[in-house]
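The values are calculated or read from the model by the stated rules, or taken from the named source; none is laboratory data. All values derive from a computational prediction rather than experimental measurement. Neighbour counts run over all protein chains shown; Cβ positions are idealised from the backbone, glycine included.
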Amino acid sequence: MKKKVIILECTEYEKDLIYKKIEEGIKLLESKNSPKKILIKPNMLSARIPEEGVTTHPSVLSAIIEIFRDRKIIIGDSPAGMTIPIEKYWEKCGYKELAKKYRVGLKKFEESIPLEIIIKERKIIVPITSFIKEYSILNVPKFKTHNLTTLTLGIKNLYGLIPGIKKSLLHTQFISSYDFSVFLIEFYKKIEDKIFLTVVDGIIGMEGDGPSSGKLRNIGYIIIGEKPIDVDYVCCKLVGIEPERLNFIKIYIDKYEFSEPEIIGNFKEIKNFALPPTKKFFFIKNNFLSKLISPIAKCLRVIPVIKEEKCKKCYACYDICPVKAILNNLKINRKKCILCLCCFEVCPYKAVEIKKSFIAKIFK
Ligand code: SF4
Ligand code: SF4
């Protein structure tokens with residue numbers, strides 16, 4: 001049977017409407033998977049209210065919990081760079097209220113089991129939440145742009161299964177977008193069979209400076225599939241990006257067996273979806289032009305800059321920086337900085353901005 005990805009039009013965060021849509025999507029999927037224990041993995045990047053569009057909306061989680069109410073359900077995540085207790089995250093994101101309403105547990109990933117991954121013939125041990133031993137994963141990402149991976153969707157959301165600060169430390173091993181994408185794919189392949197469903201909250205997504213400082217964009221879709229790679233592939237098409245232009249999708253297709261999934265639903269491309277500033281240049285569709293300018297790509301550096309006037313001195317950026325490039329006075333040591341942009345990602349006040357080099361500005 002051909003793999004399917006279901007796209008369902010949905011323009012508002014109304015729980016009963018979302019319930020109907022997801023229920024319809026699951027039926028159309030004709031999935032045989034029906035686990036008894038489910039770990040719902042939302043995107044809880046930051047302690048932000050749902051209206052900011054940074055985290056998976058609680059109405060989507062409510063609908064999912066109702067659909068699977070006869071199973072044992074927990075909701076889990078472990079944001080990196082936490083400077084406030086996780087309880088504040090649950091509360092702000094709207095998950096505390098729904099956990100109380102539906103009596104489901106909220107779990108921070110602390111205990112881990114080792115996962116062995118081979119990358120370029122090198123063995124790497126990565127910790128992953130120990131809940132993966134008992135629970136099947138229902139992956140619920142938010143549709144957003146991302147400075148390192150261009151889009152953060154089903155596969156990138158799984159990175160959050162790695163407990164806390166260990167996530168950001170991995171950036172020191174996989175610095176470039178390409179190397180990080182290789183890691184993401186090998187990590188994903190190791191746990192692919194544990195993910196039984198992916199539901200993307202694409203009702204209101206984020207474009208531009210994602211994953212936390214971009215602009216909200218009415219995408220108007222919930223996207224459902226079994227395998228995150230299929231879902232991510234279709235999401236790219238939905239916003240007019242050729243999927244293989246994303247490193248992680250290309251790496252997957254080149255190395256593993258992949259066939260295009262069948263798209264079911266009213267597919268209408270979202271026009272003029274703004275990419276992150278770090279990626280615009282790399283999406284020149286003309287191959288010849290793209291090759292011609294690739295030698296100057298190194299000059300297109302972007303660097304993080306902390307804006308003093310916006311900074312509230314919460315030190316989230318300081319805590320997350322994997323190479324300790326942010327000093328006590330919140331200045332960035334340029335020699336140490338590996339440009340992972342974790343600081344940009346976690347700043348709750350949009351005080352870390354991405355500054356482009358002179359040449360990068362020309363290609364704006
Ligand atoms: S730049 Fe942002 S994350 Fe860093 S201390 Fe200031 S407000 Fe906090
Ligand atoms: S200062 Fe540099 S190395 Fe540190 S988190 Fe920011 S981008 Fe990454």
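If you check Lys27, Lys36, Lys96 for being modelled with pLDDT of 95 or more, in contact with a helix residue (DSSP H, G or I) (Cβ under 6 Å, 6 or more places away or on another chain) and surrounded by fewer than 21 Cβ atoms within 10 Å (Cβ to Cβ), only one passes: Lys96.
Matching residues to (1) assigned to a strand (DSSP E or B); (2) touching a residue at least 60 places away in the same chain (Cβ under 8 Å); (3) among the polar types (S, T, N, Q):
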| site | (1), (2), (3) |
| --- | --- |
| Leu106 | yes, no, no |
| Pro114 | yes, no, no |
| Thr145 | yes, yes, yes |
| Pro163 | no, yes, no |
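Does the stretch 158-165 contain any residue that is crowded, with 18+ Cβ neighbours inside 10 Å, in contact with a Gly (Cβ under 7 Å, 6 or more places away or on another chain), at pLDDT 90 or above and closer than 22 Å to Lys144 by Cα? No, that holds for no residue.
In this structure, does Ser168 turn out to be touching a strand residue (DSSP E or B) at 6+ places or on another chain (Cβ under 6 Å) and either assigned by TED's automatic domain parsing to the domain that holds Ile229 or closer than 15 Å to Thr56 by Cβ (or both)? No; evaluated as a whole, the condition is false for this residue.
Could you tell me whether the stretch 138-148 includes any residue that is surrounded by 24 or more Cβ atoms within 10 Å (Cβ to Cβ), polar (S, T, N, Q) and within 16 Å of ligand 2 (Cβ to nearest atom)? Yes. In the stretch 200-210, is there at least one residue being buried (at least 22 other Cβ atoms within 10 Å of the Cβ) and closer than 25 Å to Glu257 by Cα? Within the stretch 200-210, one or more residues are buried (at least 22 other Cβ atoms within 10 Å of the Cβ) and closer than 25 Å to Glu257 by Cα.
If you filter the stretch 328-346 down to residues that are within 12 Å of ligand 1 (Cβ to nearest atom) and in contact (Cβ under 8 Å) with a residue 24 or more places away in the chain, you find that the one that is surrounded by the fewest Cβ atoms within 10 Å (Cβ to Cβ) is Lys331.
Among what's in the stretch 302-327 and is near ligand 1 (Cβ under 6 Å from one of its atoms) and under 9 Å from Val352 (Cα atoms), pick the residue that is surrounded by the most Cβ atoms within 10 Å (Cβ to Cβ). Before the answer, list the steps.
To start, the set of residues in the stretch 302-327 that are near ligand 1 (Cβ under 6 Å from one of its atoms) comprises 306, 311-317.
Filter again for under 9 Å from Val352 (Cα atoms), leaving 306, 311, 317.
Working: Ile306: 19, Cys311: 16, Cys317: 25.
Looking at residues that are near ligand 1 (Cβ under 6 Å from one of its atoms) and under 9 Å from Val352 (Cα atoms), I get Cys317.
Condition check: touching an Asp or Glu at 6+ places or on another chain (Cβ under 7 Å) and within 15 Å of Pro58 (Cβ to Cβ). Does Val104 satisfy that? So Val104 does not fit the description; no. The condition of being among the β-branched types (Val, Ile, Thr), closer than 30 Å to Glu30 by Cα and surrounded by fewer than 21 Cβ atoms within 10 Å (Cβ to Cβ) holds for only one of Ile224, Ile251, that being Ile251. Any residue at all in the stretch 326-343 that is near ligand 2 (Cβ under 10 Å from one of its atoms), at pLDDT 90 or above and closer than 19 Å to Gly214 by Cβ? Scanning the stretch 326-343, I find at least one residue that is near ligand 2 (Cβ under 10 Å from one of its atoms), at pLDDT 90 or above and closer than 19 Å to Gly214 by Cβ, so the answer is yes.
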